[in-house]
Amino acid sequence: MSKRTVKNLFYITNVDNLPSIFQHGILSHQQGMERGISFTPIYNTTIVCPIIKVSH
């Protein structure tokens, strides 16, 4: 079986999230909420996830 390797990985985020990413890594919304870490979304929260409370 051949081993697959990742040659490139892209992640899009708001620049305001960078300090948190450097400190905690890239987390799922659930992990961030469990740890009390706020984030600035790049999507329209009223459409994507109206239940999740995020900072703006």
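The values are calculated or read from the model by the stated rules, or taken from the named source; none is laboratory data. Nothing here was measured: the structure is a model prediction, and the numbers come from that model. Cβ: placed from backbone, ideal geometry, glycine included. Neighbour counts: every protein chain shown.
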- What are the residue pairs meeting all of these: first residue in the range 2-27, first residue loosely packed, with under 10 Cβ neighbours inside 10 Å, second residue in a loop (DSSP other than H, G, I, E, B) and aliphatic (A, V, I, L, M), Cβ atoms under 9 Å, and 6 or more apart or on different chains? TYR11/ILE26; ILE12/ILE42; GLN23/ILE37
- Of all helices (runs of 4 or more DSSP H) fully inside the chain, the set with 3 or more residues that are modelled with pLDDT of 80 or more is 18-24, 29-34
